[in-house]
1. Would you work out the charge dipole size for the stretch A:1-86 about its Cα centre, treating the Cβ of every Lys and Arg as +1 and the Cβ of every Asp and Glu as -1, and quote it to the nearest 20 debye?
2. How much length is gained if the chain between B:Ser56 and B:Ser76 is pulled fully straight, taking 0.36 nm per residue apart and subtracting their Cα-Cα distance, in nm to one decimal?
3. Let me test this: with uniform point scatterers at the alpha carbons of the stretch A:1-104, what is the Debye-based log₁₀ I(q)/I(0) at q = 0.10, 0.17, 0.25 1/Å?
4. Can you compute the charge dipole magnitude of the stretch A:68-124 about its Cα centre, using +1 on each Lys and Arg Cβ and -1 on each Asp and Glu Cβ, nothing else charged? Give it in debye, rounded to the nearest 20.
5. Quick check on my link table: of B:Lys42/B:Lys107; A:Lys99/B:Lys45; A:Lys99/B:Lys42; A:Lys43/A:Lys99; A:Lys99/B:Lys103; B:Lys45/B:Lys107, which ones sit more than 20 Å apart, alpha carbon to alpha carbon?
6. About its Cα centre, how strong a charge dipole does the protein assembly as shown have in debye, to the nearest 20, once Lys and Arg get +1 and Asp and Glu get -1 at the Cβ?
7. Could you list the trypsin sites (Lys or Arg not before Pro) in the stretch A:14-104 that lie in coil according to DSSP, counting only those with at most 15 other Cβ atoms within 10 Å of their Cβ?
8. Given the options A:Gly56, A:Pro41, A:Ser72, identify the residue whose Cα lies farthest towards the positive end of the charge dipole of the stretch A:1-77 (+1 on Cβ of Lys, Arg; -1 on Cβ of Asp, Glu).
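No value in this document is a laboratory result; all are computed from the given coordinates. As the structure is a computational prediction, the values presented were derived from the model and not from experiment. Note: ideal-geometry Cβ built from the backbone for every residue, glycine included; neighbour counts use all protein chains shown.
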Amino acid sequence: EVELLEAGGALAQPGGSLRLSCAASGFIFNDYAMSWVRQAPGKGLEWVSVISGSGGGSTSYTDSVKGRFTISRDSSNNTLYLQMNTLRAEDTAVYYCAKSWRGSSIYYNTFDSWGRGTPVTVSS
Amino acid sequence: DIQMTQSPSSVSASVGDRVTITCRASQSVSSLLAWYQHKPGKAPKILIHSASSLQSGVPSRFSGSGYGTDFTLTISSLQPEDFATYYCQQASSFPYTFGQGTKLEIK
């Protein structure tokens, strides 16, 4: 059974940094692209970033986080990461990691497994 | 960016009712569309991929249809566990975008 377990969410100050992690199990981690999706309080789902499988050589980001967030993965411990720098109040959200249904490519991704999320609050 | 617009934003229905949710894309996404169910505090769950393909393990009362810009999710006979928020998502181009959600409430 696929399991995704996010961690690292916390209260951070504007301009600060956090690193989220997502421990994956139950599938061949290297074979699938992985994404981060967030949900701000009272809002809908917003896709944040994706990284390819097979070493993670391809990535994409939504415009609002480009240059501030970095997605990465470590196949040695089946973990996905999101390094979040220069945090803003509007980054406050629950952050979910999600597994691509399609395979290792970052393109045409829908998400067949999700974690339960980790909350990030950006406030002074 | 491709805008995804769902309607209605909320709907009240009873157990056993048939419910249809629509999702319209601002430009064609071909069949690159998924539907998700989300309950508070839980992981979102995929119901439909590729616009009309039922995800393995999802009850057959859920169905999806459409192509291009207009899509529907239908629940043929509501069960108590179906009360949740539903989202469509396009996978045609970056950034991947979701509809604003449809909250399905008990009447």
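1. Dipole magnitude for the stretch A:1-86 comes out near 360 debye.
2. 5.4 nm
3. Debye output, listed in q order: -0.25, -0.74, -1.47.
4. Using only the charged Cβ atoms, the result is roughly 80 debye.
5. Pairs exceeding 20 Å: B:Lys42/B:Lys107; A:Lys43/A:Lys99; A:Lys99/B:Lys103; B:Lys45/B:Lys107.
6. My answer is approximately 200 debye.
7. Of the trypsin sites (Lys or Arg not before Pro), the ones in loops of the stretch A:14-104 whose Cβ has at most 15 other Cβ atoms within 10 Å are A:Lys43, A:Lys66, A:Arg68, A:Arg88.
8. Final value for the positive-end residue is A:Pro41.
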